Amino acid sequence: MPPTRRSFLTQLAAAGVVAPAWLSSAGRAAEPGALVEAFAPRLAAAVDAAGRIAAAMAGASSDPAVVAADEPRWAEVQAAWAVDRTILNLENGGVQPSPAVVNHAYLQAWLASHEAPAHSLNRVLWPQVEGVRARLAAAFGCDPEEMALTRNTTEGIETVLLGLRWTAGDEVVTTTQDYWRFQNTLRQRADRDGIVVRQISLPVPAESADEMVARFAAAITPRTRAILLSQVINLTGQFLPVREIVHLARARGVLVVVDGAHGFAHVPLTRDSLDCDIYATSLHKWLGAPHGTGFLYVRRERIAEIWPLYPAPAELRGSIRKFESIGTVPAAPYLAIREALDFWASIGAERKAARLRWLRERWLAPLAAEPWLTVHTPRQPEFAGALATVACAGLPPTQLAAWLWERHRTLVRPIIHPEFQGIRVTPNLYTTPADLERFVALLKAAATKGLG
Ligand SMILES: Cc1ncc(COP(=O)(O)O)c(C=O)c1O
């Protein structure tokens, strides 16, 4: 019988879990049971809210854009997170809080795995992870044997960039806005193996797919082996025309490695809508799955050519499983992906994407015409979703972000790049219109009165 919320809370209480020091206002470790007292009721209420989402969405318009603005329908969704509401968290780009129903499932699986790990973890829980792989593969539209479960996008992309058999003189094309870790990886391969990295720059914002494709096309030479690109650029939230770039590259025998860190479950997509051969994502971003979960998709016929980061048995050379040969890791985060998928389905992928864009416009539209604001993110739906980056004249991003946090408990991400700067603002489904009105007022106050 699956554990119920009540049996879980009883289990947690009986376990005498001690709250971490940050939960105790005095900064001391709290008494046993304090975690349950402090956290469990909030978690329970939010878990219950998730159960009401399907009913809240029933009978909604078939047009996602209409539902996005249908405020009463979003109340249960907002209530499904047990987040700290004294913080205005507009930094959902880096890592997100999971909906409570996901945390609840995660904690249950975590406790269950410790009952007798050689049995409960290895024989009971790990086999269930295969069901998670099957569901994720169905959501992405690939075969389960083309999907490795990873801990994050970093693991997936590093596996590919370090595992491809490039030799001196082979070229890799990427942009100046790709994720810093992978730029380091390519630099290391240049130093170690003599590959050549060609970085192109893209307009900020970029509002023409043709122009972006043309810039990639111009960088391809007969020595080009691969293109590394971000589906969604983390610095600005800019979307790239992945499918068009894949087709251009494939016609020239070039492999495209898609960094999908911000793509999956942010906007609707499948392997076939992108038509890509390699895609890595983090499920702790837009799917809201536990921290430390992701997947790497590799088209079946390309698996054998990529070395795994950790050597695997030789007979796994053509198997996606070779990328999972990484030693003992917990099953609980992977198991709770099920609840994250259910939660996402209860809202609907199209509705979620439409609501996120609606939330972005809710703060951006009232500010966009201000003479002190520069918007680095395109606002057409095909080019951006929840993330947007803006520069405020006279307000250095790092100082503005510090002022927002220290004075107003508001989280945003300062973006400092050689080609542009600003603050990145990323609401989530738990963000309310009132939150965003408050944020608009804060930015106006900062722009007109300064940070003093
Ligand atoms: C574009 C991009 N790629 C990759 C990553 C790495 O994600 P993770 O830390 O989950 O591996 C990030 C993280 O924010 C990112 O923004």
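Readers should treat all values here as calculations from the given coordinates under stated rules, not as data from a laboratory. This structure is a prediction, so every number in the text was calculated from the model and none was measured. Neighbour counts run over all protein chains shown; Cβ positions are idealised from the backbone, glycine included.
Side notes on the structure shown:
- Taking other C-beta atoms within 10 angstrom as a stand-in for reagent exposure, ARG223, ARG362 fall in the order ARG223, ARG362, fewest first.
- Electrostatic bookkeeping for PRO313 treats Lys and Arg as +1 and Asp and Glu as -1; over the other residues with beta carbon under 13 Å from its beta carbon, the sum is +1.
- Gain in span if fully extended, GLU382 to ALA402, counting 0.36 nm per residue against the direct Cα distance: 4.0 nm
- Between amide H atoms placed 1.01 Å from N, distances below 5 Å from LEU255 occur with ALA226, ILE227, all of them 5 or more places distant or on a separate chain.
- Across q = 0.06, 0.13 Å⁻¹, the chain modelled as identical point scatterers on its alpha-carbon atoms has Debye log10 I(q)/I(0) values of -0.28, -1.28, in the order of the q list.
- Cubic angstrom per residue, convex hull over Cα atoms of the range 364-452: 100 Å³
- Taking the range 117-340 and dividing mean pair separation by its residue count, relative contact order in percent (alpha carbons under 8 Å, at least six apart): 26 percent
- Net length gained if the chain between SER208 and ARG135 were fully extended (0.36 nm per residue, minus Cα distance): 22.8 nm
- Normalised by the number of residues in the chain, the average gap of Cα pairs under 8 Å and 6 or more apart makes the relative contact order 19 percent.
- Which of TYR334, TYR310 has the fewest Cβ neighbours within 10 Å, and the rest in rising order: TYR310, TYR334
- When both bridge partners sit in the chain, DSSP labels roughly 55% of those beta bridges antiparallel.
- Spacing of the two label points (7 Å from each Cα toward its C-beta) at ARG302 and ILE416, in nm: 3.5 nm
- Backbone phi angles across the range 364-375, fed through the Karplus curve with coefficients 6.51, -1.76 and 1.60 (θ = phi - 60°), yield HN-Hα couplings of 7, 4, x, 9, 4, 8, 5, x, 8, 10, 10, 9 Hz in residue order; Gly and Pro are listed as x.
- DSSP bridge analysis restricted to the range 209-354 gives an antiparallel fraction near 40%, rounded to the nearest 5.
- For the range 128-135, the Karplus equation 6.51 cos²θ - 1.76 cosθ + 1.60, evaluated at θ = phi - 60°, returns couplings of 5, 5, 4, x, 5, 4, 4, 5 Hz by residue, with Gly and Pro reported as x.
- As a length-normalised measure over Cα pairs under 8 Å and 6 or more apart, the relative contact order of the range 385-452 settles at 37 percent.
- Phi angles of the range 112-122 translate, via the Karplus equation with coefficients 6.51, -1.76, 1.60 and θ = phi - 60°, into HN-Hα couplings of 4, 5, 8, 5, 6, x, 4, 9, 5, 7, 6 Hz per residue; Gly and Pro are given as x.
- Estimated inter-spin distance, ALA393 and ALA168, nm [label 7 Å along Cα→Cβ]: 5.3 nm
- Residue exposure sequence - LYS285, LYS444 - by fewest surrounding Cβ within 10 Å: LYS444, LYS285
- Note on GLU31/ARG409: beta-carbon distance plugged into 1/(1 + (r/R0)^6) with R0 of 41 Å gives a FRET efficiency of 0.90.
- Summing charges over neighbours of ARG424, with a neighbour being any other residue whose Cβ is under 12 Å away from its Cβ, gives +1 when K and R count +1 and D and E count -1.
- FRET efficiency estimate (nearest 0.05) - Cβ-Cβ, ALA38 to ALA441, R0 41 angstrom: 0.85
- Charged neighbours of GLU382, selected by a Cβ distance under 13 Å, balance to 0 (K, R count +1; D, E count -1).
- Rounded to 5, percent antiparallel among DSSP beta bridges of the range 117-340: 40 percent
- Under a 5 Å amide H cut-off, with hydrogens placed 1.01 Å from N, THR377 pairs with THR389 among residues at least 5 apart or on other chains.
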